[in-house]
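Accompanying notes for the structure given below.
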Amino acid sequence: MNRFVAAERALRTAAPHALLDATRAVLMEQYGAEDVELLMADYGLSVLQPVPVLPHTPEPAPPHEPEPVPVHNSPAGRAFGSQRPYCEDGRDGRMRLHLPVSVRGDRLGVLTVTLPGADAVRRWEPELADIAGVLGHEVVVAERDTDLYLQARRKDRLTLAAEMQWQLLPGRSCSRPEYELGAQLEPAYAIFGDNFDWSATADRLMLYVTNGMGEGIEASLLTNLAINALRNARRAGISIADQAALADQAVYAHYRGRCYLSVLMFDFDLATGRTRVVDAGSPQLLRLRDGSVERVTFDAQLPLGMFEETDYVAQDFQVEPGDRLVFVSDGVHAVSSPKGEAYGDSALARAIHSTRLLPAAEVPRAILRELTGHRGGPVADDDALVVCLDWHGKPAGA
């Protein structure tokens, strides 16, 4: 049997909790691997956390359990950041091949395979990279039935509100020929209100950026209600203006105006870049075009759930190939320095310009690092959300 087919079959038939064991066994048998490790990116995108090897695996256990490694300044982190295989010299002529584990642009972690030498790396790298891709798909499916991979992603305990928010998200990055998306929430282990959501078809991309109200579990419950109301309306196939109206009714019916939610909603036409927008609150949009950063404003409308039966009107917006759109919550835009100075448009523009060469998936974390420096400390008083959209447009001939 073809080696790759054997590896793919082993992963697809493995028990959800035993994907790493199955990967280790088949790569040792078919490719002569001497060790295999799976590292998952933690919620804060600061370290790669090892998935533990099951104690009853029939294959010999590695000589030591791997330790978490930093995303920055590590060989595995280099593969994760670049989304390309990276080879590291090991001991006694062995080579450690680090392979990104991703699903449609959503970066999950890194598969590290120890091979006997450079010849094996040259021979097997393309197939092993494809196997890492298969493993990523299987991890996503397995997460329906086991907590193992979700547990491996956390270096600290999540608050209950944060647990609810992370489970609500579609992913942290996504890519298609027409666009690339990346997003990040902070504080990653104690987020409670801000959120983002996206969904794509063959022709359209819908994107919501949400600025939550309140604190703790109450903020998370409000956001969960609003996002699921928006999804319910979206899946009924109605326009974004009507999606906003139905979600507004759902939030008002439950809270009677005591709590409400700000959201910026976009419906992109993938072929033309023509976009319908509903601005129902405080998230901000800045656009990088031809080297210049500018804030984009829309006609402001009422947040969802503030009053009964609010009508929403969508307005037109146009994106062009090469545009980078950066969306931020007020936990970014309005955060104050120790001297009381708001971060504001000028600092955001500098941060966006300084990260212009990074891929969309890397931009949110980079901007949030700069925000930490402005704040003067690692602990935030409010949620901070950054979403980056790079617009490429429809490929020629597509």
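The values are calculated or read from the model by the stated rules, or taken from the named source; none is laboratory data. All figures in this text were calculated on a predicted structure; none of them were measured in a lab. Each accessible area value is taken on the protein alone, full model and side chains, heavy atoms only, with ligands, DNA and RNA left out. Shrake-Rupley method; radii C 1.70, N 1.55, O 1.52, S 1.80 Å.
Rounded to the nearest 500, what is the 222 nm mean residue ellipticity of the chain from helices alone, with -39500 (n - 2.57) per DSSP H run of 4+ residues and division by all residues? Intermediate results must be reported in sequence, preceding the final value.
Values: 11 runs with 135 residues, N = 398.
About -10500 deg cm²/dmol.
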Divide, for the range 223-328, the radius of gyration over alpha carbons by 2.2 N^0.38 Å, where N is the residue count.
1.12
Probe 1.4 Å, all protein chains present, accessible-area order of 282, 354, largest first:
354, 282
Can you work out the base-10 log of I(q)/I(0) for the chain at q = 0.08, 0.11, 0.12, 0.14 1/Å, using the Debye formula on its C-alpha atoms alone?
-0.46, -0.84, -0.97, -1.23
³J(HN,Hα) across the range 36-51 via Karplus (A = 6.51, B = -1.76, C = 1.60, θ = phi - 60°), whole Hz, x for Gly/Pro?
9, 10, 10, 10, 9, 5, 6, 4, x, 6, 10, 9, 9, 9, x, 7
Starting from the Cα-Cα distance between residue 72 and residue 9, subtract it from 0.36 nm times their residue separation and give me the gain in nm to one decimal.
19.3 nm
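Using a probe of 1.4 angstrom, how much of the accessible area of the chain is carbon and sulfur, in percent? Intermediate results must be reported in sequence, preceding the final value.
Details: 8680 of 17520 Å².
The nonpolar share, carbon plus sulfur, comes to 50 percent.
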Once the mean of 1/r over all distinct C-alpha pairs in the range 273-398 is inverted, the Kirkwood radius in Å reads 15.9 Å
On a C-alpha basis, how far is the centre of the range 356-371 from the centre of the range 78-95 in Å? Whole number, if you could?
24 Å
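For 309, 341, 370, what's the largest-to-smallest order of accessible area, 1.4 Å probe? Walk me through the numbers on the way to the answer.
Values: 309 130, 341 105, 370 80 Å².
Order by accessible area, largest first: 309, 341, 370.
Two-decimal Rg/Rh of the range 5-128 from alpha-carbon positions, Kirkwood Rh?
Numbers: Rg = 13.7 Å, Rh = 14.7 Å.
Rg divided by Rh gives 0.93.
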Please identify, among 257, 81, 212, the residue showing maximal mean-square fluctuation in a Gaussian network model of the chain using a 10 angstrom Cα cutoff.
257
Each residue of the range 172-182 in turn: what ³J(HN,Hα) in whole Hz from Karplus with 6.51, -1.76, 1.60 and θ = phi - 60°, glycine and Pro shown as x?
10, 7, 7, 9, 9, x, 7, 7, 10, 10, x
Using Cα springs under 10 Å in a Gaussian network model of the chain, which residue among 125, 186, 67 shows the largest mean-square fluctuation?
67
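Mind checking Rg over Rh on the range 252-310, alpha carbons, Kirkwood formula for Rh?
Values: Rg = 14.7 Å, Rh = 13.3 Å.
Taking Rh as the inverse mean 1/r over Cα pairs, Rg/Rh reads 1.10.
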Residues whose placed amide H lies under 5 Å from that of residue 108, excluding near-sequence neighbours:
101, 102, 103
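At 1.306 mPa s and 10 °C, plugging the Kirkwood radius over alpha-carbon pairs of the range 71-190 into Stokes-Einstein gives what diffusion coefficient in µm²/s? Present the calculation step by step, with values, prior to reporting the outcome.
Values: Rh = 15.9 Å.
Stokes-Einstein gives a translational diffusion coefficient of 100 µm²/s.
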On a 0 to 90 degree scale, rounded to 10, what angle separates helix 344-354 from the longest Cα axis of the chain?
30 degrees
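Please arrange 254, 333, 72 by accessible surface area, largest first, computed with a 1.4 Å probe and ligands excluded.
Values: 254 115, 333 40, 72 75 Å².
Largest accessible area first, the residues go 254, 72, 333.
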